Amino acid sequence: MEATTAQPAATKAPAPKKAKITERARAERKLAYLLCAPALIAMLIVTGYPIGYAVYLSLQKYDLRFPDEKEFVGLSNYSDVLTSSIWWDDVLTTTIITLASVAIELVLGMAIALIMHRAIFGRGPVRAAILIPYGIVTVVAAFAWRYAFDPSAGFVQGTFLLGDDAAPLTERAGSLVVIILTEVWKTTPFMALLLLAGLSLVPDELHEAAKVDGASTVQRFFRITIPLMKPAILVALLFRTLDAFRVFDSAFILTGGANRTETVSILGYNVLINRVNLGLGSAVSVLIFIAVILIAAFFVKVLGTSTAQQRGEV
Amino acid sequence: MTHTPREKAFWSIAILVVILYALIPVAWITSLSLKSPDQVADGKFFSGFSFENYDQIFSENTFNAALVNSLGIAAIATLISIALASMAAYALARLNFAGKAVILSGALAVAMFPPISIVGSLFDLWRAIGLYDTWPGLILPYMTFTLPLAIYTLSAFFREIPWELEQAAQVDGATPFQAFRKVIVPLAAPGVFTAAILVFIFAWNDFLFANTLTSTTDAQTVPAALAFFSGGSRFTEPIGAISAAAVVVTIPIIIMVLIFQRRIVAGLTAGAVKG
Amino acid sequence: MRRDRSKRFLAAFATAALSVVTGCGFSDTGGGGRGQTLNWYVFNEPGGANEEAIKKCNEESNGRYNIAYRRLPTDANQQRELIVRRLAAEDSTVDLVGMDVIWTAEFAEAGWIEPWEGDRALAATEGKLEGPRKTVEYQDKVWAIPFTTNTQLLFYRKDRVEEPPEDFTWDQMIEQAAADGKAIEVQAAQYEGFTVWINSLIAGAGGQVVDEEGDVNVGPSATKAGEIVSELANSAAAPPGMANNKEDQARIGFESERSNYQLNYTFIYPSAAENVGEDFQKKIGWARYPRTVADMPSRPPLGGINIGVGAFSEHKDLAFEAAQCLAQPANQAVASELGGLPPTTESAYGLAKVEKALPFADLLRESIEEGTPRPVSPAYSDISLAIQKTYHPPENVEPDKVRDKLEDRLKKAAEGKIF
């Protein structure tokens, strides 16, 4: 039972004993700071500083093509972005992609997790297979799907799924479907693995007890599995929602933002890198950052109340 | 335990569907890469074996250089990230100190951070200090953005290590270093290795940084090079060549995934269960 | 010079890593030997014309310079993205730039390229066709030397349709093709090639996206262009996947026999023989770009590559010399032979190589001389994006609204706003 005795000491600091900091504890603390410092500093330098710099740039008129015209303009870049229909259009597009792909992933991911959890054989091959989409380069996945739907090179056209003349990547709805499909294909495995971890936390005894009480499989799934998995589901949703909201690679390769499928990340990229308008582009960047914070805050709040509820119930 | 034939059939179909789901796009791009130029537009799922596209990409400097850049940058970023993360994870798992929450929430914040929010700043900073289109220019963001993943995975693994064994070994007469090397390193290695795989996959996969912070064969990685591939004539879209290059970058990932599948799954779930 | 040191370190590291991986070293330059290295950033010309030109000039320089071929992608947007980032970073390794004709104003205004003055200006423009010559001029200065040019022709199926009359219009062509149930191949994906099309349509109706003073002044031509785009996209002559088609999809479509007409660059002609066969190639006829309106000659698009000298280069004098050498008529002739790219120098058209490579040389020359440049403006890429967004996707264009939308976007582009 070594492992179990070691665990509590390691996972959480022991009950606050603030009375006296011993010499040893001080040395330990010093070592801990030394060990953590490089990672913390790296994270601060590469994310903290640039986001601060982005905020600074977003208050400037700063176009690399007209370097002499650099000047402080206050919030006018933000008002430009927020009053343009393009920005809101892109926010809508990004939201559609995010909601649709995360919803589909949740259902599919749960199905795959259940297969991996309950299958009576073949768990190994399933696990190996689903890790392929997880590991594959997103750009590669996007090219594979783009060519699959290409009117001349693709194989999807002319099958039962699509008519002979259909070219989904030439219109908005079709393009959105293909982008969502690519996202779903690539990231469902990640969702499935997170859910699998949650599934393994549901004790079998509960299921057995419910079975004895005459609950059907479906009832057991919705009454026992889902509620117990709620935190795991919310964590998975949080990560995937944030990830989907920054969607760039697949949309960039599939449509490049054509047919009104521009996502906020593509907009930021176009303004920053294509138009080299760093001032205006940074305003877009900062707005995306704020949107991500809002999404995260929302989930953390829901997550907080749900775990609190659970604790209250148990 | 016995199962009814109906159960067996159900699970067989379910498993088959999952495997097909995962493999169809991979099979498709592989088949595309094996088509000769006049077969590319035939719209068939499979039309034969021709290695023309592979000959073409490997005879081009662009792709070879990109492959070297990808390997080198991902490998160095992985090494540094794992080194930094191991130190932090050790502290988190083994030491008592105020400020654990700072590290963990800092890592969480970086994990949620949208890269698009800083590519503009990084571009402007990198061009000012000469890191634009260089290896370090990509290694820095990669190692940073993989730190959270590495720290969470590693600290989850490190918590499972029975550290008392180290003291036991010392009692038995081993020096502290021997104890560390002979006892702890072998125990920690699988976790470190798992984290390294996950970090490598991340760096190998990245497109946004590679696309914005590089411009030539000096530092362009494969995903960025793929998006900028040139065709056989000024206006030809090089479907076959892109597919071949796509297959080449996919092979190492598939090999890694197949060999280390248990570890990857353990690593991905280890960090997540704690919430 | 920390930068140089870190670069050298990296280069050494990269080479070492490569040797480990592949077991051999590699060199990017292609040319060996002595002399000052000049980097030429230019699109990767798969026919080998750029290599030939480099080889010739390196020999002619007698070892004073050594041009290194730094390949950029073939797509104009992508080329620009990559080179602009380098120039904005004030990279001193950019000695020579292969510039798409549309970049002159932007690069000149930003101070990224050196002006050609005095004798150099004369050398750059003397004996050049008028269209290409205008693309190197901006605000009364010369900014580059024209190398190759390009324009689109109307290719048609001689075995299926009659030779188009001189005043053939888009409307007539769409009507004809729709009646035959065959397609017209165009470039209508959302990218630079789409701007090329729209710009020619607008110019063909006498309009101009941006006038000489740099002001937005599209006028009713924008509406006429919208009518044509929408008419084609919603007719039976619209090719499948039209809104995603670039030059190559158009070529493939034409080769698949689905279409009677194709607007495209001349590369499709050798391709027809290569990918389908000589018999197919013989069925292809060519004519001048169709008219937007019946009573005005058409304004074919004008493309091509000029060679500029980087403003941050440490070897500008040598670079000017090398640029002139690269752009000499003999190299232009090689570019037509190997890459199918028409020359910018009048005299080069007389060379036997050119006549052999381009059977339609006379028509090309006429089209180039009367072609329309794309808008000259330092904010060109914004203008182009504004045009693309306004007219894309083609089937949803509302001709009566398109002018206001375009003018609004162009105004925002000029003011550096989101559009």
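The values are calculated or read from the model by the stated rules, or taken from the named source; none is laboratory data. Here the structure is a predicted model, which means the values were calculated and not measured. All Cβ positions, even for glycine, are placed from backbone atoms using ideal geometry, and neighbour counts span all protein chains on display.
Quick notes on this one:
- A single member of B:Ala203, B:Ala169, B:Ala189, B:Ala174 is within 13 Å of another protein chain (Cβ to nearest Cβ) and either within 30 Å of C:Glu90 (Cβ to Cβ) or hydrophobic (A, V, I, L, M, F, W, C) (or both), and it is B:Ala203.
Quick grid of which residues meet (1) within 28 Å of A:Pro189 (Cβ to Cβ); (2) surrounded by fewer than 18 Cβ atoms within 10 Å (Cβ to Cβ); (3) of a type in the set (Gly, Ala, Ser):
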residue	(1), (2), (3)
B:Ala22	yes, no, yes
B:Val26	yes, no, no
B:Ser33	yes, no, yes
B:Ala41	no, no, yes
B:Phe46	yes, yes, no
B:Glu52	no, yes, no
B:Ser59	no, yes, yes
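- For the stretch A:67-91, a residue qualifies if it is assigned to a helix (DSSP H, G or I), over 17 Å from the mean Cα position of the chain (by Cα) and of a type in the set (A, V, I, L, M), and the qualifying residues are A:Val81, A:Leu82, A:Ile86.
- Residue within the stretch C:377-395 that is more than 14 Å from chain A (Cβ to nearest Cβ) and touching a helix residue (DSSP H, G or I) at 6+ places or on another chain (Cβ under 7 Å) present: no
For every residue, the table says whether it meets (1) of a type in the set (Lys, Arg); (2) more than 14 Å from every other protein chain (Cβ to nearest Cβ); (3) without any contact (Cβ under 8 Å) to a residue 40 or more places away in the chain; (4) buried (at least 20 other Cβ atoms within 10 Å of the Cβ).
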| site | (1), (2), (3), (4) |
| --- | --- |
| C:Ala319 | no, yes, no, yes |
| C:Ala348 | no, yes, yes, yes |
| C:Glu355 | no, yes, yes, no |
| C:Asp400 | no, yes, no, no |
| C:Ala414 | no, no, no, no |
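- Screening C:Asn306, C:Asn331 for residues that are surrounded by 20 or more Cβ atoms within 10 Å (Cβ to Cβ), touching a Lys or Arg at 6+ places or on another chain (Cβ under 7 Å) and polar (S, T, N, Q) leaves exactly one candidate, C:Asn331.
- Among (1) under 28 Å from B:Ala189 (Cβ atoms); (2) buried (at least 21 other Cβ atoms within 10 Å of the Cβ); (3) within 11 Å of chain A (Cβ to nearest Cβ) - the single one B:Thr78 does not satisfy: (3)
- The residues on offer are C:Thr104, C:Thr149, C:Thr93, and the sole one that is more than 14 Å from chain B (Cβ to nearest Cβ) and in contact (Cβ under 8 Å) with a residue 12 or more places away in the chain is C:Thr104.
- Single residue of the stretch C:214-262 satisfying the filter (under 15 Å from C:Ile284 (Cβ atoms) and of a type in the set (Ser, Thr, Tyr)) that is surrounded by the fewest Cβ atoms within 10 Å (Cβ to Cβ): C:Ser256
- Qualifying residue in the stretch C:95-104 (condition: more than 30 Å from A:Tyr269 (Cβ to Cβ), among the β-branched types (Val, Ile, Thr) and part of a helix (DSSP H, G or I)): no
- Residue list for the stretch C:226-275, restricted to those being within 14 Å of chain A (Cβ to nearest Cβ), among the aliphatic types (A, V, I, L, M) and under 23 Å from C:Gly340 (Cα atoms): C:Ala250, C:Ile252
Quick grid of which residues meet (1) more than 10 Å from every other protein chain (Cβ to nearest Cβ); (2) within 26 Å of C:Phe43 (Cα to Cα):
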{"position": "B:Ala14", "(1), (2)": "no, no"}
{"position": "B:Ala27", "(1), (2)": "no, no"}
{"position": "B:Gln39", "(1), (2)": "no, no"}
{"position": "B:Gly48", "(1), (2)": "yes, no"}
{"position": "B:Phe63", "(1), (2)": "yes, yes"}
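- Residue that is nearest to the chain's Cα centre (by Cα) [pool: residues in the stretch C:165-175 that are closer than 19 Å to C:Asn264 by Cα and part of a helix (DSSP H, G or I)]: C:Trp170
- Residue identified as over 17 Å from B:Ile239 (Cβ atoms), of a type in the set (A, V, I, L, M) and at pLDDT below 90 among A:Ala167, A:Ala192, A:Ala197, A:Ala153: A:Ala197
- The set of residues in the stretch C:137-149 being at pLDDT below 95 and surrounded by 24 or more Cβ atoms within 10 Å (Cβ to Cβ) consists of C:Thr148, C:Thr149.
- Filtered residues of the stretch B:95-131 (kept if touching a residue at least 40 places away in the same chain (Cβ under 8 Å), in contact with an Asp or Glu (Cβ under 9 Å, 6 or more places away or on another chain) and either in a helix (DSSP H, G or I) or farther than 20 Å from B:Phe207 by Cβ (or both)): B:Trp126
- Complete set of residues in the stretch C:295-336 that are out of contact with any Ser or Thr (no Cβ under 6 Å at 6 or more places or on another chain), over 30 Å from C:Phe194 (Cβ atoms) and of a type in the set (Asp, Glu): C:Asp317, C:Glu321
- Filter result for the condition that a residue is within 18 Å of B:Tyr142 (Cα to Cα), within 14 Å of chain C (Cβ to nearest Cβ) and modelled with pLDDT under 90, over B:Ser215, B:Ser230: B:Ser215
- Residues in the stretch C:48-68 that are outside any helix (DSSP H, G or I) and either without any contact (Cβ under 8 Å) to a residue 40 or more places away in the chain or surrounded by 21 or more Cβ atoms within 10 Å (Cβ to Cβ) (or both) were compared, and the one that is farthest from the other protein chains (Cβ to nearest Cβ) is C:Asn62.
- Selection of helices (runs of 4 or more DSSP H) fully inside the stretch C:245-340 by the criterion of at least 3 residues being not assigned by TED's automatic domain parsing to the domain that holds C:Leu201 returns C:316-326, C:329-339.
- Scanning the stretch A:232-264 for residues that are part of a helix (DSSP H, G or I) and over 16 Å from the mean Cα position of the chain (by Cα) returns A:Phe252, A:Ile253, A:Leu254.
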